[in-house]
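Please treat every number below as a calculation from the coordinates, not as lab data. Since this is a predicted model, take the numbers as computed values, not measurements. Counting neighbours? That spans all protein chains shown, and the Cβs are built from the backbone with ideal geometry, glycine included.
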Amino acid sequence: MSRAQPSGYSLAQIVLHWAVVVLIIFQFLAHDAMEKAWDAVRDGQAVPADAALGANLHAAAGFAVLALALIRLFLRFTRGAPAAPTTVPAPIAMISNVTHVLLYVLILGLPIGGAAAWLGGVGVAAPVHGLGAEVLFWVAILHALGALYEHFIAKTDVLRRMLKPQA
Ligand code: HEM
Ligand code: HEM
């Protein structure tokens, strides 16, 4: 049975979106300990004592992103997400949709890649994870600039609807 496409996001979708943003900012600011720990493990040494806590925090925050991203996907498929406002030109709406898909791929793929290296000992997964993080950084910047453009220049309700829930 198909249901009407919602015109906004639910409170759960909004809270999950911003919680993932906070976790990802944390990942970008605090990955030094994980890199130090990874260098040691890769060279066959024990995790340095001063890096253990930071490395565990990096893994835990990353797994939290994975869990929250899965819940978000579930909500997207069951509740749905609003379409781009009709005033948004078709090519821009398409770029925005592709960006959202890419963000989902990255927030699901990064923790899996990180875990493959850290828990699975798959060496090649580490540089792929680093590259993926770099891509996420730039895609997230593009996405945030798009949101600010919509709000301040195109004056659509796109940013507002990610702040104010629709029941
Ligand atoms: C969305 C979640 C995650 C983000 C955004 C993220 C981000 C990052 C970033 C920015 C780096 C530094 C890369 C570099 O400068 O080369 C890094 C390194 C690393 N991360 Fe993550 N990470 C995430 C999840 C995870 C998880 C869940 C694990 C393990 C369970 C993990 C394991 C690692 C490892 C082992 C490294 C060191 C790789 C290396 O130095 O080559 N990450 N991560
Ligand atoms: C790591 C950072 C981010 C990730 C991974 C991310 C991910 C996403 C995803 C996947 C969507 C699609 C809707 C959904 O399924 O929930 C979305 C929507 C949205 N995001 Fe982000 N986001 C990030 C940062 C930001 C930032 C910094 C802003 C604001 C400056 C922002 C503003 C928005 C807005 C306004 C929407 C709604 C777009 C629409 O309704 O068409 N996001 N985000």
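Quick rundown of the values:
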| read-out | value |
| --- | --- |
| 18 Å reach of a label modelled at V101, 7 Å along Cα-to-Cβ, counting backbone N of segment 128-167 | 136, 139-140, 143 |
| Under the Karplus curve 6.51 cos²θ - 1.76 cosθ + 1.60, θ = phi - 60°, whole-Hz ³J(HN,Hα) for segment 129-146, x wherever Gly or Pro sits | 4, x, 5, x, 5, 4, 4, 4, 3, 6, 5, 5, 4, 4, 4, 5, 5, x |
| Alpha-carbon centroid distance for the pair segment 114-162 / segment 42-61, whole angstrom | 24 |
| Quotient of C-alpha Rg and 2.2 N^0.38 Å, computed over the chain | 1.18 |
| Rounded, prolate or oblate (a/c below 1.5 giving rounded, otherwise prolate when a/b exceeds b/c) for segment 71-138 by Cα gyration tensor | oblate |
| Segment 19-101 shape via C-alpha gyration tensor axes, a/c threshold 1.5 | prolate |
| Hz values of 3J(HN,Hα) by residue in segment 86-98 - Karplus curve (6.51, -1.76, 1.60), Gly and Pro given as x | 5, 6, 7, x, 3, x, 5, 4, 5, 4, 5, 5, 4 |
| Dipole magnitude of segment 1-121, debye to nearest 20 (Cβ charges: Lys/Arg +1, Asp/Glu -1, about Cα centre) | 660 |
| Fluctuation leader among Q45, Q27, Q13 - the chain, Gaussian network, Cα springs under 10 angstrom | Q45 |
| Selected from G109, G44, G130 as most flexible by GNM, with the chain as the system and alpha-carbon contacts under 10 Å | G44 |
| Of H151, G114, A126, farthest towards positive along the dipole that unit charges on Lys, Arg, Asp, Glu beta carbons give the chain | H151 |
| Potential extension, A144-I25 segment - 0.36 nm per residue separation minus Cα distance | 41.5 nm |
